[in-house]
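**Student:** I have a structure here, written as structure tokens, and I will follow up with some questions on it.
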Amino acid sequence: MILVTGAGGKTGVAVLTALIARGATVRAFARSNSHRAALKAIGVHDIVVGEMDDPYAWSQAVGGTSAVYHICSNMNPHELPFARALVGAAVTHGISRVVYHSVLHPQIEAMPHHWAKLRAEEMLFSSSLDVTILQPTAYMQNSLAEWDRMVGDGIYRVPYPVDTRLSLVDLNDVAEAAALVLTEAGHSGASYELVGTAPTSQIEIAETFGHALQRAVRAEAEPIEVWNHRARNAGIGDYQRETLTKMFQAYARDGLKGNPNVLGWLLKRPPTSLAAFAARMATHA
């Protein structure tokens with residue numbers, strides 16, 4: 001049985017879906033009972049609900065499993081203590097196999113959530129566990145927050161300059177890679193960068209969605225202060241807002257540049273292109 005933590009979020013649901021497709025027996029560890037219906041809908045029936053700072057919840061989640069895929073919720077200030085709690089529970093219950101959902105370039109100290117994942121990786125390396133690290137870049141799915149504006153107004157709005165170059169990845173490819181490393185032998189001790197595209201400007205991203213939607217879509221930079229005001233009104237917490245702001249500033253300065261070779265090798269096929277992703281979204285819209 002494979003445990004997926006952080007199971008209520010979009011990454012957890014995608015990984016569980018990919019594992020079930022490979023015939024794996026799964027258990028989900030989620031924060032809230034509100035996730036039960038969505039998890040049952042994808043075929044997950046073994047669900048543990050609890051907080052990641054609760055040793056009893058970890059014990060319930062980890063007991064009787066053979067491997068853990070650990071996802072900490074995005075921009076969480078407790079990334080390192082939660083990873084420590086996982087290691088403690090895994091060691092106590094005799095589970096050795098852990099795959100950790102990290103991020104592309106965790107070495108970037110200017111982005112606090114990247115740096116927190118680096119510290120968690122470091123802690124996992126010093127544990128007795130059989131560890132694999134997955135380091136996905138930004139998801140193509142994140143662009144869908146702008147879907148209605150692209151369809152309605154032909155605008156793709158981003159809180160950094162439109163010439164900012166980011167490598168993207170389809171979350172479905174990330175989930176497939178996660179399922180592979182959890183169900184195949186030979187991935188112990190590996191750290192894999194999961195990247196779907198070459199570095200791509202926001203102008204190119206907008207044009208790619210425009211092509212799929214058969215309409216003109218242009219990228220537009222939103223001032224960070226305007227984004228911050230919108231985020232505050234949307235109820236995004238202070239820590240998350242500050243962390244996202246630092247991420248956008250790092251993107252503006254350096255981009256986030258990766259290479260798709262490793263993911264292609266893992267999947268034994270080319271990773272999903274942004275054009276293919278955009279076409280898929282346009283077909284299902």
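The values are calculated or read from the model by the stated rules, or taken from the named source; none is laboratory data. All values derive from a computational prediction rather than experimental measurement. Because the Cβ atoms are built from the backbone with ideal geometry, glycine has one as well, and the counts that use them run over all protein chains shown. With ligands, DNA and RNA removed, areas are computed over all heavy atoms of the protein, side chains included. Shrake-Rupley method; radii C 1.70, N 1.55, O 1.52, S 1.80 Å.
**Student:** Restricting the search to region 236-277, which residues are exposed (fewer than 13 other Cβ atoms within 10 Å of the Cβ), in a loop (DSSP other than H, G, I, E, B) and at pLDDT below 95?
**Tutor:** Matches in region 236-277: Gly237 only.
**Student:** Which is basic (Lys, Arg), open to solvent by 10 Å² or more (accessible area, probe 1.4 Å) and touching a residue at least 60 places away in the same chain (Cβ under 8 Å), of Arg149, Arg119, Arg165?
**Tutor:** From the options Arg149, Arg119, Arg165, the qualifying one is Arg165.
**Student:** Scan Leu124, Leu134, Leu180 and give me the residue that is open to solvent by less than 40 Å² (accessible area, probe 1.4 Å), part of a helix (DSSP H, G or I), more than 17 Å from Leu244 (Cβ to Cβ) and in contact with a strand residue (DSSP E or B) (Cβ under 7 Å, 6 or more places away or on another chain). Write out each step before concluding.
**Tutor:** On the way: Leu134 fails: part of a helix (DSSP H, G or I); Leu180 fails: in contact with a strand residue (DSSP E or B) (Cβ under 7 Å, 6 or more places away or on another chain).
That would be Leu124, the only listed residue that is open to solvent by less than 40 Å² (accessible area, probe 1.4 Å), part of a helix (DSSP H, G or I), more than 17 Å from Leu244 (Cβ to Cβ) and in contact with a strand residue (DSSP E or B) (Cβ under 7 Å, 6 or more places away or on another chain).
**Student:** Considering region 74-104 alone, what residues qualify as being at pLDDT 95 or above, out of contact with any Leu (no Cβ under 7 Å at 6 or more places or on another chain), within 30 Å of Asn259 (Cβ to Cβ) and open to solvent by 10 Å² or more (accessible area, probe 1.4 Å)?
**Tutor:** Correct list: Leu80, Phe82, Arg97, Val103.
**Student:** Condition (residue is under 26 Å from Ala185 (Cβ atoms) and out of contact with any helix residue (DSSP H, G or I) (no Cβ under 8 Å at 6 or more places or on another chain)) applied to region 80-92: is it met by at least one residue?
**Tutor:** Within region 80-92 (the criterion being under 26 Å from Ala185 (Cβ atoms) and out of contact with any helix residue (DSSP H, G or I) (no Cβ under 8 Å at 6 or more places or on another chain)), the answer is yes, since at least one residue qualifies.
**Student:** For region 191-235, how many residues meet the condition of being under 24 Å from Val103 (Cβ atoms), open to solvent by 30 Å² or more (accessible area, probe 1.4 Å) and among the aliphatic types (A, V, I, L, M)?
**Tutor:** Number of matching residues: 4.
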